[in-house]
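The values are calculated or read from the model by the stated rules, or taken from the named source; none is laboratory data. Note that the coordinates shown come from a computational prediction; the quantities given were computed from them, not determined experimentally. Here the Cβ is made from the backbone with ideal geometry for all residues, glycine too, and neighbour counts use every protein chain on show.
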Amino acid sequence: MPGLTQTLLHRRLSRFVEWIRTESDREDEIRAQAGEIRGRIKGKAEDDGLVVRSTPNSGSFAKRTGIRRHLYGTAEVEGQDVDLPFVVSPKTADGEKLTALLDRFDRYAKASYPDTERHRTKSSVQLSFVGSKLNYDLVPMLATEKEDEQILLRGNGERKRTSVQKHIEFIRGRTERSNRQKGVVKFNDCVRLLKWWKEFRTSESRLVEADDVPTFLIELLAAGAFDELGVRETYAETLLAWFGWLGNAVGAKRRIAFSDFGRPPTAQSVAWAVLDPVNALNNVAERLSGPQIDELAEWFSTSHDRLAFALAADRDGEDGSSLDELIGLFGSPFEHHCSEE
């Protein structure tokens, strides 16, 4: 019997992984446009008297975990945005308020790109260029005494210490480790698959919305599974193991923490904790209620069972049944983008 790496299921899933990645031939174009935006906005800010300390790379583009923007019927996957942090040192306390900073960056964006659509989010000013499948998020952050740490501002006045540089290192380090393991599986591509999977799970839920399970939480859950299990030779084997482990971990509300940048604190009195590796005081799962956590656990457990059925059907030559299960996991786009043709 042929090995799993030669089966139709493996080839289908590998092809789908290739498709959901952001287009590699556009990466140079994206970097160039991001550089131009940084330059224009920074110039407007400095002309306005705002001190810009740095504009570090950030987000899924820098981590290489972004997914393709795609619309298909009622199934929507928003895809990757490019985060452009502007680490600033305002001269007054009022100038440090998020609303004031967003007002200023909205003016800078309008002056720099008067014909480009702008949208205010809770913590950024988003630029959407005509014909582009990407949005660029201008994210004001406050400088700290350390070059590789920043203060992230929230609309409710909350301030969280973070590090965009360390978050990138957190993901890239695991991707490099996965590359040294036997097989074709890359950690960052598993993150992409889980992000895509999450979009379709939330689209079918009445209890859990997409914003309730942020992409950062998905990254940390993937990291927890990877640290425990590594990756296997194929994406199907890897996801089967990860879904099973995550179903148990989330169902038991087991704390997930990391020691990449320091020892995490002792257990906290919360429903469930998934701790930010850069700032362990930041519980990324704090917004989820008990019933939502239970539903998330059920998603992982059910997905494990569906993938196990798909693998069994693939082994028995029942290609149609195997494909049906994969469509159930990743949505109707899977059927149209898993072919080798």
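Within the stretch 242-259, residues that are under 15 Å from I218 (Cα atoms) and assigned by TED's automatic domain parsing to the domain that holds A222 sit with their Cβ atoms under 6 Å from residues that are of a type in the set (G, A, S) and part of a helix (DSSP H, G or I), at 6+ positions apart or across chains, in these pairs: W242/A225; F243/S303; W245/A225; L246/A225; G247/A297; G247/S301; V250/A297; I256/G224. Annotation note: of A310, A280, A285, A297, the sole residue that is more than 20 Å from L239 (Cα to Cα), crowded, with 16+ Cβ neighbours inside 10 Å, touching a residue at least 24 places away in the same chain (Cβ under 8 Å) and assigned by TED's automatic domain parsing to the domain that holds K253 is A285. On inspection, A93 passes the criterion of being exposed (fewer than 12 other Cβ atoms within 10 Å of the Cβ) and at pLDDT 85 or above.
All of L246, L240 fail the test of being outside any loop (DSSP other than H, G, I, E, B), in contact with a His (Cβ under 9 Å, 6 or more places away or on another chain), farther than 26 Å from S289 by Cβ and not hydroxyl-bearing (S, T, Y), apart from L240. The one condition from (1) within 11 Å of F16 (Cα to Cα); (2) in a helix (DSSP H, G or I) that L311 does not meet is (1).
Consider the stretch 210-227 and keep the residues that are of a type in the set (D, E) and either touching a residue at least 24 places away in the same chain (Cβ under 8 Å) or not assigned by TED's automatic domain parsing to the domain that holds H304 (or both). The one that is surrounded by the fewest Cβ atoms within 10 Å (Cβ to Cβ) is D227. Check whether at least one residue in the stretch 246-254 is surrounded by fewer than 19 Cβ atoms within 10 Å (Cβ to Cβ), out of contact with any Leu (no Cβ under 9 Å at 6 or more places or on another chain) and within 21 Å of T162 (Cα to Cα), and report yes or no. No, every residue in the stretch 246-254 fails to be surrounded by fewer than 19 Cβ atoms within 10 Å (Cβ to Cβ), out of contact with any Leu (no Cβ under 9 Å at 6 or more places or on another chain) and within 21 Å of T162 (Cα to Cα).
Applying the condition of being without any contact (Cβ under 8 Å) to a residue 12 or more places away in the chain and farther than 19 Å from A109 by Cβ to the stretch 28-60 and asking which residue is nearest to the chain's Cα centre (by Cα) yields R31. When the stretch 101-138 is filtered for residues that are surrounded by fewer than 20 Cβ atoms within 10 Å (Cβ to Cβ), over 23 Å from V88 (Cα atoms) and either within 17 Å of the chain's Cα centre (by Cα) or of a type outside the set (S, T, Y) (or both), the ones remaining, listed by number, are P114, D115, E117, F129, V130, G131, K133. Please verify whether K166 is modelled with pLDDT of 95 or more and among the basic types (K, R), treating the condition exactly as stated. When the stated conditions are applied, K166 passes them. When V208, V231 are checked against the criterion of being under 24 Å from I67 (Cα atoms), assigned to a loop (DSSP other than H, G, I, E, B) and modelled with pLDDT of 95 or more, V231 stands alone in meeting it. The lone criterion from (1) touching a strand residue (DSSP E or B) at 6+ places or on another chain (Cβ under 7 Å); (2) closer than 28 Å to G331 by Cβ; (3) buried (at least 17 other Cβ atoms within 10 Å of the Cβ) left unmet by L153 is number (2).
Within this structure, V184 fails the test of being touching a Gly at 6+ places or on another chain (Cβ under 9 Å), over 17 Å from A257 (Cα atoms) and in a loop (DSSP other than H, G, I, E, B).
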